[in-house]
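**Q** Please see the structure below; I have some questions.
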Amino acid sequence: MKRLLLFCVVLLTLSGCRNPQAGLLFTKEAPDIFPDYQFVYIPWNIAPLNFIINNQGSKAIVLIEGPEATLRVKSDRKVQFPLRKWKKFLLKNKGKTLEVKLRLKQEKSWVEYPAFEWYVTREAVDPYLVYQRIRPTPTVWANQGIYQRNLENFDEDCLLDNSFTDADGLNSFAFCAGRPDRLLFHKRRPSSQTYLLLNGEKTELSQQSFNLMAYPSWHPSGNFVAFAINHSDLPFYGNIGLPAQLYNPASDILVYDVVNKQLITGSELISKDSYETFPAFSADGRSLYFCTATQTESTQKGDISYDLCRLDFYPEDRRFGNRVDTLVRAERIGRSISFPKPSPDGRFILLTLHSGGRFNLWGQDSDLFYYLLKDELHGVKSCYASNSQHAEDYASWSSNGAWFVFGSRRLNGLSSQLYLSYIDEKERPRKAVLLPIKDPDSYRNPDQISCHLPELLLRKALRME
């Protein structure tokens, strides 16, 4: 018996010496990863958050610990998670906090970095994302198209490219409330045309007004589409060495009645003394939000700042109210307002604020703000966790109102890439998450294509033939 006990003690001692933890070093230096996925909120149905470790090392071990499951991956400094294991892991840890630990082999030792956290939300993000891909130079139409991403994996497919439009530019497009069966899209000159797709049937809208259409917004019923008539005359204007800007000498708002195939509007939306643009229907369909600026000598030269306004809409009577409510004045906040995006749950309006001018994509001071509808007295608030030193622009909501997607130029200051942000339980936008891709190194390509006009969909859209 004594010999047996002695044998067991020796065996345990030897096994302890072979412990892989032996010789593990710890550092207080935070890990340097790209994209920056540290301390972020992620939907439980998102594709793997593959990333690159920039710290020195030859091999890596990533350990993600959750209350319900653990995921361990060995790799080089480019970390790519197996899709099936990732999806199963997140599903088990829905609504939980995950701890992410990184270990890097540096020469003969393993070094562990301070852990960071991922917060897996119970709210999913709509699984499909449609967006426009275009080269950063706005006057070049080549290689332009409308693409679709499956956010639950890395599948991407082209819905429409400009070979369909004889190499013309593809301009505005809009789906109705995340439904792929209702779509309106517009192509630019030299032969401007607008198309309506309903349940797979395509119709060309031939009225002259549609040739000048921009910024379409569907009524939640799917029976109306509001859009701006921007009397713009390309090419763009701009100073030498700076990106161009678009100048619109006038703008009004019209609404297309899909059922009766008629255009309707109100006197407050086609004023000769004001520029009305960026229309957006409210979640209940009883209001139309839009931006407007009074015509002056300065605005006629392109120096323009927009207010945020609201006008009642009565869909049963196909008419508008006669009193405009000005919610936010540009003069008061010192910035112009564009692209109002009401949330589908009726809580917020996302706004893009910038120094002025109509085409704010190029302004480095362009940021996202939100207007809390139940707290109108406190005005607009910054989506500070989503913004950067570069331009942020054009947000779109997930159908549950928990997520929004937007474009940002923060990677290189020129091309726009797409990010997700979460609205937490205190109604605050959280840190933006760059959309994950299979090979994160692709984001470092200096010739990266810009992505614009993101729209989240509940179901997969079919190719637009």
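This table checks each residue for (1) among the basic types (Lys, Arg); (2) more than 18 Å from ASN153 (Cβ to Cβ); (3) exposed (fewer than 14 other Cβ atoms within 10 Å of the Cβ); (4) not assigned by TED's automatic domain parsing to the domain that holds PHE154.
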site: PHE406; (1), (2), (3), (4): no, yes, no, no
site: LEU411; (1), (2), (3), (4): no, yes, no, no
site: SER415; (1), (2), (3), (4): no, yes, no, no
site: SER421; (1), (2), (3), (4): no, yes, no, no
site: LYS426; (1), (2), (3), (4): yes, yes, yes, no
site: VAL433; (1), (2), (3), (4): no, no, no, no
site: ILE437; (1), (2), (3), (4): no, no, no, no
site: GLN448; (1), (2), (3), (4): no, yes, no, no
site: HIS452; (1), (2), (3), (4): no, yes, no, no
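**Q** Determine whether ARG3 is modelled with pLDDT under 95, buried (at least 16 other Cβ atoms within 10 Å of the Cβ) and not hydrophobic (A, V, I, L, M, F, W, C). Spell out the reasoning first.
**A** Numbers: modelled with pLDDT under 95: yes; buried (at least 16 other Cβ atoms within 10 Å of the Cβ): no; not hydrophobic (A, V, I, L, M, F, W, C): yes.
The answer is no for ARG3.
**Q** Which residues, taken from segment 148-172, are surrounded by fewer than 16 Cβ atoms within 10 Å (Cβ to Cβ), at pLDDT below 90 and among the polar types (S, T, N, Q)?
**A** Across segment 148-172, the qualifying residue is only SER163.
**Q** Something else: Going by what's in this entry, would PHE320 be described as touching a Lys or Arg at 6+ places or on another chain (Cβ under 7 Å), in the same structural domain as LEU351 (by TED's automatic domain parsing) and either more than 18 Å from ALA174 (Cβ to Cβ) or part of a strand (DSSP E or B) (or both)? Can you show your working first?
**A** On the way: touching a Lys or Arg at 6+ places or on another chain (Cβ under 7 Å): no; in the same structural domain as LEU351 (by TED's automatic domain parsing): yes; either more than 18 Å from ALA174 (Cβ to Cβ) or part of a strand (DSSP E or B) (or both): yes.
When the stated conditions are applied, PHE320 does not pass them.
**Q** Would you tally the residues in segment 213-242 being within 22 Å of ILE264 (Cα to Cα) and modelled with pLDDT under 80? Spell out the reasoning first.
**A** Step one: filter segment 213-242 for residues within 22 Å of ILE264 (Cα to Cα), giving 213-232.
Now narrow it down to the ones that are modelled with pLDDT under 80: 230-232.
The total comes to 3.
**Q** Applying the selection to segment 66-103, what residues are more than 20 Å from GLU152 (Cβ to Cβ) and among the basic types (Lys, Arg)? Spell out the reasoning first.
**A** Of the residues in segment 66-103, the ones more than 20 Å from GLU152 (Cβ to Cβ) are 67, 70, 72, 74-78, 97, 99-103.
Result: ARG72, LYS74, ARG77, LYS78, LYS101, ARG103.
**Q** Take the conditions buried (at least 17 other Cβ atoms within 10 Å of the Cβ), part of a loop (DSSP other than H, G, I, E, B), at pLDDT 90 or above and aliphatic (A, V, I, L, M) and apply them to ILE61. Does it pass? Break it down into steps so the answer makes sense when it comes.
**A** On the way: buried (at least 17 other Cβ atoms within 10 Å of the Cβ): yes; part of a loop (DSSP other than H, G, I, E, B): no; at pLDDT 90 or above: yes; aliphatic (A, V, I, L, M): yes.
When the stated conditions are applied, ILE61 does not pass them.
**Q** Which of the residues spanning segment 270-282 are outside any strand (DSSP E or B) and either aromatic (Phe, Trp, Tyr) or under 28 Å from the mean Cα position of the chain (by Cα) (or both)? Steps first, please.
**A** Quick first cut of segment 270-282, residues outside any strand (DSSP E or B) only: 270-273, 282.
SER282 - this is the single residue of segment 270-282 that is outside any strand (DSSP E or B) and either aromatic (Phe, Trp, Tyr) or under 28 Å from the mean Cα position of the chain (by Cα) (or both).
**Q** With the condition kept exactly as written, say whether any residue in segment 388-398 is of a type in the set (Ser, Thr, Tyr) and out of contact with any Asp or Glu (no Cβ under 9 Å at 6 or more places or on another chain). Can you show your working first?
**A** The initial filter retains those residues of segment 388-398 that are of a type in the set (Ser, Thr, Tyr), namely 388, 394, 396, 398.
Restricting the remaining residues to those that are out of contact with any Asp or Glu (no Cβ under 9 Å at 6 or more places or on another chain) gives 394.
The answer is yes; a qualifying residue exists.
**Q** Show me the strands (runs of 3 or more DSSP E) found entirely inside segment 372-439 where at least 2 residues are among the polar types (S, T, N, Q) and touching a Phe, Trp or Tyr at 6+ places or on another chain (Cβ under 8 Å). Before the answer, list the steps.
**A** Values: elements: 380-382, 392-397, 403-408, 417-422.
In segment 372-439, the matching strands (runs of 3 or more DSSP E) lie at 417-422.
**Q** Another question, then. Do any residues in segment 322-340 that are within 18 Å of SER217 (Cβ to Cβ) have Cβ atoms under 8 Å from those of residues that are in a helix (DSSP H, G or I), where the two are at least six apart or on different chains, and which pairs are they?
**A** If the second residue must be in a helix (DSSP H, G or I), the pairs left are VAL324/GLU268; LEU327/GLU376; ILE337/ALA330; SER338/ASN360.
**Q** Sticking with this one: Considering only segment 75-135, give the strands (runs of 3 or more DSSP E) lying wholly within it that have at least 2 residues that are farther than 30 Å from THR27 by Cα, among the polar types (S, T, N, Q) and in the same structural domain as ASN45 (by TED's automatic domain parsing).
**A** Working: elements: 97-106, 109-112, 116-121, 128-134.
In segment 75-135, there are no strands (runs of 3 or more DSSP E) which contain 2 or more residues that are farther than 30 Å from THR27 by Cα, among the polar types (S, T, N, Q) and in the same structural domain as ASN45 (by TED's automatic domain parsing).
**Q** Going by the structure shown, is SER382 hydroxyl-bearing (Ser, Thr, Tyr), over 30 Å from ARG77 (Cα atoms) and buried (at least 19 other Cβ atoms within 10 Å of the Cβ)? Break it down stepwise before answering.
**A** Working: hydroxyl-bearing (Ser, Thr, Tyr): yes; over 30 Å from ARG77 (Cα atoms): yes; buried (at least 19 other Cβ atoms within 10 Å of the Cβ): no.
So SER382 fails the test.
The values are calculated or read from the model by the stated rules, or taken from the named source; none is laboratory data. Computed from a predicted model, the values in this text were never measured in an experiment. Glycine gets a Cβ as well: all are built from the backbone with ideal geometry, and neighbour counts include every protein chain shown.
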